[in-house]
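The next block holds one structure in the form of structure tokens; read it before the comments.
The values are calculated or read from the model by the stated rules, or taken from the named source; none is laboratory data. All values derive from a computational prediction rather than experimental measurement. Glycine gets a Cβ as well: all are built from the backbone with ideal geometry, and neighbour counts include every protein chain shown.
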Amino acid sequence: MSGRVGVIDWGGGNLGSVRRALRAVGADPLLGATPAELEGCPRLVFPGVGSFGDVLAGLRSRGLEDLLRDAVRQERPVLCICVGLQALFEGSDESPAVPGLGLLRGRVRRFGSGKVPQIGWNRVEPAHGGAGGIVADGFSYFVNSYYADPAEPSIVAGWTDYGVRFASALAFGSVVATQFHPEKSGAVGLDLLRRWLEA
């Protein structure tokens, strides 16, 4: 299970907590802000905290967009967290002029009801096996005002209710993505990271 995991540093994000959580489950996280620094990492984590536009701008300004695209194409395991999940889509209501990565069809939308942002614990219910068992039924920690609305329901690995039933976890190819923060979700989050490393 142990091994080198590249943590993509796009200029922001919850990097310290992500690295601590990865170490807690036996990984060796390497923080990298350029493709060269992350070369040779068999797995990648793309954490996103902040606005959609800032995350995409940081990713692109450091030449990390191509690194991420190449990893997906080469079927290297990639874990995307929070805005990292949202960045996979075509665009977001948060930053309408900024194109997303477009790796998935669909759009990121703002919650239309309830207190925004959603901050705190909410249930994640696995969908059709939850990405091969990586996503388990339980409560995880969220901080989000926006949610992904995928065009392909088959990629949904977990569902959560917050005024609307939304996709809180996704899986396609070698990619697992969570709207919640596994690094802040206690034992449930550590179990998810452990299963991701073992997959």
In segment 111-132, the residues that are within 15 Å of TRP196 (Cβ to Cβ) and at pLDDT below 90: GLY129, GLY130, ALA131, GLY132
Filter result (of a type in the set (Gly, Ala, Ser) and assigned to a helix (DSSP H, G or I)) within segment 23-50: ALA24, ALA36
Residue within segment 29-47 that is within 13 Å of the chain's Cα centre (by Cα) and of a type outside the set (A, V, I, L, M, F, W, C) present: yes
Members of segment 155-184 found to be buried (at least 23 other Cβ atoms within 10 Å of the Cβ) and among the acidic types (Asp, Glu), listed by number: GLU183
Residues of segment 138-155 that turn out to be outside any strand (DSSP E or B), out of contact with any Gly (no Cβ under 8 Å at 6 or more places or on another chain) and not β-branched (Val, Ile, Thr), as a count: 3
Selection status of ALA187, surrounded by fewer than 18 Cβ atoms within 10 Å (Cβ to Cβ) and at negative phi: yes
Residue within segment 174-195 that is among the small types (Gly, Ala, Ser), at pLDDT below 95 and either outside any helix (DSSP H, G or I) or within 25 Å of LEU68 (Cβ to Cβ) (or both) present: yes
Segment 58-85: number of residues that are over 18 Å from ALA157 (Cβ atoms), small (Gly, Ala, Ser) and surrounded by 16 or more Cβ atoms within 10 Å (Cβ to Cβ): 2
Top-ranked residue of segment 14-32 - restricted to ones that are free of Cβ contacts under 8 Å to residues at least 40 places away in the same chain and not acidic (Asp, Glu), ranked as farthest from GLY48 (Cα to Cα): ARG23
